[in-house]
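Could you have a look at this structure, given as structure tokens, before my questions?
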Amino acid sequence: MATTNDFRNGMVLEVDGNLMRIVEFLHVKPGKGGAFVRSKLKNVVTGKVIEKTWNAGEKVNDVRLDEVTMQYLYSTGDEYYFMHGESYEQICLPASMVEDVMPFIKESDSVTVLMRGDQPVAVEPPNFVDLKVTETAPGLKGDTVSGGTKPATLETGAVVQVPLFIETGDVVRVDTRTKAYVSRV
């Protein structure tokens, strides 16, 4: 058990039977009334973000999750296989657990698997990945960085909006948290 005084970014709590990670929090002490803590929580499994207000000093169930670096090996359609980098043990995860992050992961990429004991809970890709553009509309001469955007299909099948000057064959950096183009590599 912990209290709201122990909050820190990245801490995982059990709220209403769901595992929630603290994205940000703020202790508020109004001039009138008791202090409270405003927090943004992200569901570890589904990725949904909610806001919750706690009374100051309120007890919460904190959860210990281990972060294990694993390598993505392959998929068989509805199952994805990952290998532990040190012990070479393989785990199989269902598509429902990893479907939102797989568009940004290539075979042999390293990912972080959150484990609760021996049970995998979620997969987190690196914050930024570099992927090759396989299909996009041709760029026009004179297009600048400040211009509009167009859809581009990446080598993993993901589609992101990129500036007009990006062409097929370019390598782009994508932020996996926002699923948005960052820069050309």
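The values are calculated or read from the model by the stated rules, or taken from the named source; none is laboratory data. A quick note: this is a predicted structure, and the numbers were derived from the prediction, not measured. Counting neighbours? That spans all protein chains shown, and the Cβs are built from the backbone with ideal geometry, glycine included.
Hey, any hits in segment 96-109 for a residue that's part of a strand (DSSP E or B), out of contact with any helix residue (DSSP H, G or I) (no Cβ under 7 Å at 6 or more places or on another chain), outside the structural domain of Val44 (by TED's automatic domain parsing) and in contact (Cβ under 8 Å) with a residue 12 or more places away in the chain?
Within segment 96-109, none of the residues are part of a strand (DSSP E or B), out of contact with any helix residue (DSSP H, G or I) (no Cβ under 7 Å at 6 or more places or on another chain), outside the structural domain of Val44 (by TED's automatic domain parsing) and in contact (Cβ under 8 Å) with a residue 12 or more places away in the chain.
Which count do you get for residues in segment 67-82 that are out of contact with any Phe, Trp or Tyr (no Cβ under 6 Å at 6 or more places or on another chain) and either exposed (fewer than 12 other Cβ atoms within 10 Å of the Cβ) or over 30 Å from Asn5 (Cβ atoms) (or both)?
Going through segment 67-82, the residues out of contact with any Phe, Trp or Tyr (no Cβ under 6 Å at 6 or more places or on another chain) turn out to be 67-69, 71, 75-80.
Okay, now just the ones that are also either exposed (fewer than 12 other Cβ atoms within 10 Å of the Cβ) or over 30 Å from Asn5 (Cβ atoms) (or both), so 67, 69, 71, 75-80.
Total meeting the criteria: 9.
Can you tell which of Val129, Val121 is surrounded by 14 or more Cβ atoms within 10 Å (Cβ to Cβ), in a strand (DSSP E or B) and either at pLDDT 85 or above or touching a helix residue (DSSP H, G or I) at 6+ places or on another chain (Cβ under 8 Å) (or both)?
On inspection, the qualifying residue turns out to be Val129.
While we're here: Answer yes or no: is there a residue in segment 53-62 that is without any contact (Cβ under 8 Å) to a residue 24 or more places away in the chain, not in a helix (DSSP H, G or I) and not polar (S, T, N, Q).
no
Can you name the residue in segment 154-184 that is in a strand (DSSP E or B) and of a type in the set (Ser, Thr, Tyr) and, of all such residues, is surrounded by the most Cβ atoms within 10 Å (Cβ to Cβ)? If you could, list the steps in order and put the result at the bottom.
Initially, segment 154-184 is screened for residues in a strand (DSSP E or B), giving 154, 159-163, 171-175, 180-184.
Next, from what is left, pick out any that are of a type in the set (Ser, Thr, Tyr): 181, 183.
Numbers: Tyr181: 19, Ser183: 12.
Only one residue fits best here, namely Tyr181.
Checking the structure you have, find out if any residue of segment 60-77 is at pLDDT 85 or above, basic (Lys, Arg) and under 14 Å from Pro120 (Cα atoms). Walk me through how you get there before you give the answer.
Residues of segment 60-77 at pLDDT 85 or above: 60-64, 66-76.
The next check asks that each one be basic (Lys, Arg); those that pass are 64.
From what is left, the residues that are under 14 Å from Pro120 (Cα atoms) are 64.
Taking every residue of segment 60-77 in turn, at least one turns out to be at pLDDT 85 or above, basic (Lys, Arg) and under 14 Å from Pro120 (Cα atoms).
Continuing with the same structure: Kindly indicate whether Glu14 is over 26 Å from Lys179 (Cβ atoms), part of a strand (DSSP E or B), of a type in the set (Asp, Glu) and at pLDDT 90 or above.
Taking the combined requirement at face value, the residue satisfies it.
All but one of (1) assigned by TED's automatic domain parsing to the domain that holds Lys179; (2) touching a helix residue (DSSP H, G or I) at 6+ places or on another chain (Cβ under 9 Å) hold for Gln161; state the number of the condition that does not hold.
(2)
Just give me the residues in segment 80-95 being out of contact with any helix residue (DSSP H, G or I) (no Cβ under 8 Å at 6 or more places or on another chain) and of a type in the set (Ser, Thr, Tyr), in sequence order.
Answer for segment 80-95, where residues must be out of contact with any helix residue (DSSP H, G or I) (no Cβ under 8 Å at 6 or more places or on another chain) and of a type in the set (Ser, Thr, Tyr): Tyr81, Ser87, Tyr88.
Being more than 16 Å from Arg177 (Cβ to Cβ) and either free of Cβ contacts under 8 Å to residues at least 24 places away in the same chain or loosely packed, with under 13 Cβ neighbours inside 10 Å (or both) is the filter here; which residues of segment 37-52 pass it?
If the condition is that a residue be more than 16 Å from Arg177 (Cβ to Cβ) and either free of Cβ contacts under 8 Å to residues at least 24 places away in the same chain or loosely packed, with under 13 Cβ neighbours inside 10 Å (or both), then Arg38, Glu51 are the ones that fit.
Looking only at segment 63-75, which residues are touching a Lys or Arg at 6+ places or on another chain (Cβ under 8 Å), among the aliphatic types (A, V, I, L, M) and in a strand (DSSP E or B)?
Correct list: Val63 only.
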